[in-house]
Amino acid sequence: MAKLNRRPIQDFERIIEFDLVRATEAAALNASRWMGKGNKNAADQAACDAIRGMFDLIPCCGEVVIGEGIKDEAPGIFLGEHLGTWEPGVIPLDIAVDPVDGTTNISKGLPNVISVLAAGSAHDGLGKALKNLPSFYSEKLAYGPRVRNYMLEKGAEQVKLEAPIEENVLLVAKILNVPVHELTITMLDRLRHDEMVSRIRKVGARLRMIGDGDVAGAIAPSLPDSGTDLYAGVGGSPEAVLAAAALRCLGGDMQVKMWPRDDAERKQLVKDGFEKELNNVYYAEDLARGNGVVFSATGISDSPLLPGVRFIGHTAITHSIVMRANTRTVRYVKAVHDLTTKTIRLRSTRAEQTL
C-alpha cells in the first residue's frame, strides 16, 4: 500500500461536512425501514451498512476511534475500523459514530432516535482529536452556552459533576433566571437513577425521562426551545464523546467521568492502566479536541434535536444538522428524496440500492 501523505489540509471540514450529512441521511433512511418492527439489530445493521457504503465514496483516511456496538455486542462500526477511500494525500480523520442512537426505541417505534457521527482532524499535533473512554458507561452532566459562559466569567460559582445534584439544579436555575419549578432536567429512565430522580423532585424541578437516545439528550440543553435545561445521569461512554463533539460546535459544555458497572470492570480498567483516569472529570474540550471537529446527525424518529424520517407517497423527507467547531456554524438540512430515483450505496453489495 502506498504511503499516505498526511499533510495538513486547510479548512478540511468545509470540504467534507456535507459528505458526513449524506452518510447520516443514508443511515437514517435505511434504518427507518425497521421502525417499530421489534428488531433493533436489523435496524442497526442497516444503518451501519449505509454509513460504510457512503464512506467508500468519501476521499479520506478515516479511523474509527469511538465505535458503536461494543457495549451490547450489537452490529456496529467498531474501534480501529478504517472508513473512506484511503488514497494517498486524502484527509486524515478520527471518527466517532453511532449509526442508530436509540436502538431499543427504533425497535418499538418510539421517539428520540437519530443517526450520528463526528469527525475530527488528527493532523494538528493534538494526537487523537476524539478521545476514547475505555469504560462502557460514564457519568454525565451537560449544560448550555449560557451556563458555560457564566461559569467562565464568574469563576466562583461552578456547576460540578461531583457536587450534589440539588446544588447543580439550584445554580442552573439561578444562572438561567428561571424558578426551579420551571427548570427541566433530562435523563435516561434507568433504575440506577432512582435516587437522583427523588432528589431532583424534592427541590421541585421538572424531569424528562427518556428511554433511549443519550446523544440527543445531552445536546438538548444547548439547543434553543428544546425544553431541556440540564442533562444528568449515567449513559454510554461512546455517546458522551459524540455529544461532546456537538457541544464544541454549539458553545455548550459537559462534564464526564468514567463509571465502571461493577468491581470486575473496575479491576480490568486498573489492570489496563486506567487507574488514574478513573478519577478524571473530562470536559467537552478534553473529549473533542481542536477546532477541526464536525458533527452530523439525521433524525430517524422525532427527538428534541431533529424531526424523524417522513414518508409521503413516493418521497421521503429527512432532517439533519451539521455543525463545525471552528466557526460554530450550525446548519439544518431538510432534504426531500424522490424514492423513484433515490439510491443508497451499501457496503454489503458494493452498489447503489433503491429504498
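The values are calculated or read from the model by the stated rules, or taken from the named source; none is laboratory data. Note that the structure is a prediction, hence the values are computed from the model and not measured. Neighbour counts are summed over all protein chains in view; Cβ atoms, including those assigned to glycine, are modelled from backbone coordinates with ideal geometry. For accessibility, only protein heavy atoms count, side chains too; no ligands or nucleic acids. Shrake-Rupley method; radii C 1.70, N 1.55, O 1.52, S 1.80 Å.
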Item checked: Per-selection Rg to Rh, the chain - Cα, Kirkwood hydrodynamic radius -> 0.96
Notebook entry, point to check: Counting each DSSP H run of 4 or more residues in the chain as -39500 (n - 2.57), what helix-only mean residue ellipticity at 222 nm follows after dividing by all residues, to the nearest 500 deg cm²/dmol?
Noted result: -9000 deg cm²/dmol
Next item on the list: Give the percent of DSSP beta bridges with both residues in the chain that are antiparallel, rounded to the nearest 5.
Entry: 80 percent
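Filter Lys140/Lys276; Lys131/Lys174; Lys108/Lys334 down to the pairs with a C-alpha to C-alpha distance above 28 Å, please.
Checking Cα-Cα distances, Lys131/Lys174 exceed 28 Å.
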Next item on the list: Compute the separation of the alpha-carbon centres of segment 129-201 and segment 281-315 and state it in Å as a whole number.
Entry: 21 Å
Checklist line | Phi-based couplings in Hz for segment 340-355 (Karplus 6.51, -1.76, 1.60; Gly and Pro marked x) | finding: 7, 10, 5, 10, 10, 7, 10, 5, 4, 10, 6, 8, 6, 10, 6, 7
Check: So what is the accessible area of the chain per residue, in Å², with the probe set to 1.4 Å?
Finding: 43 Å²
Next item on the list: Quick one: which residues, 5 or more positions from Thr329 or on another chain, have an amide H under 5 Å from its amide H? H modelled 1.01 Å from N in the peptide plane, none for Pro or chain starts.
Entry: Arg324
Checklist line | Compactness index (Cα Rg / 2.2 N^0.38 Å), segment 90-245 | finding: 1.10
Notebook entry, point to check: According to a simple spin-label model (label point 7 Å from Cα along Cα-to-Cβ), what is the distance in nm between Leu207 and Asp189?
Noted result: 1.1 nm
Check: Leaving out ligands, DNA and RNA but keeping every protein chain, what accessible area does Lys108 have, in Å² rounded to the nearest 10, with a 1.4 Å probe?
Finding: 140 Å²
Notebook entry, point to check: With the chain treated as a Gaussian network of Cα nodes joined by springs under 10 Å, which of Ile95, Ile210, Ile312 yields the largest mean-square fluctuation?
Noted result: Ile312
Item checked: Heavy-atom SASA rank of His319, His314, His337, His181 (probe 1.4 Å, accessible area, largest first) -> His314, His181, His319, His337
Notebook entry, point to check: Percent of accessible area on segment 146-300 owned by carbon and sulfur, 1.4 Å probe?
Noted result: 45 percent
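Suppose accessible area is computed on protein heavy atoms with a 1.4 Å probe; arrange Tyr143, Tyr150 from highest to lowest.
Numbers: Tyr143 0, Tyr150 40 Å².
Listed by decreasing accessible area, they come as Tyr150, Tyr143.
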Checklist line | the chain: angle of helix 165-176 to the longest principal axis, Cα-based, in degrees nearest 10 | finding: 80 degrees
Note to self: Can you give me the solvent accessible area of Arg328 with a 1.4 Å probe, rounded to the nearest 10 Å²?
What the structure shows: 120 Å²
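Using heavy-atom solvent-accessible surface (probe 1.4 Å) with all chains present, what is the largest-first order of Tyr332, Tyr282, Tyr137?
Most to least solvent-accessible, the answer reads Tyr332, Tyr137, Tyr282.
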Notebook entry, point to check: Using a Gaussian network for the chain with springs between C-alpha atoms less than 10 Å apart, which of these wobbles most: Pro179, Pro260, Pro75?
Noted result: Pro179
Check: Taking the Cα atoms only, what angle lies between the long axis of helix 194-203 and the longest principal axis of the chain, rounded to 10 degrees?
Finding: 60 degrees
Notebook entry, point to check: Which value, to two decimals, describes the C-alpha radius of gyration of segment 265-311 once divided by 2.2 N^0.38 Å?
Noted result: 1.88
Next item on the list: Rounded to the nearest 0.05, what FRET efficiency do Arg33 and Ser348 give with R0 = 22 Å and r taken as the Cβ-Cβ distance? Could you check?
Entry: 0.95
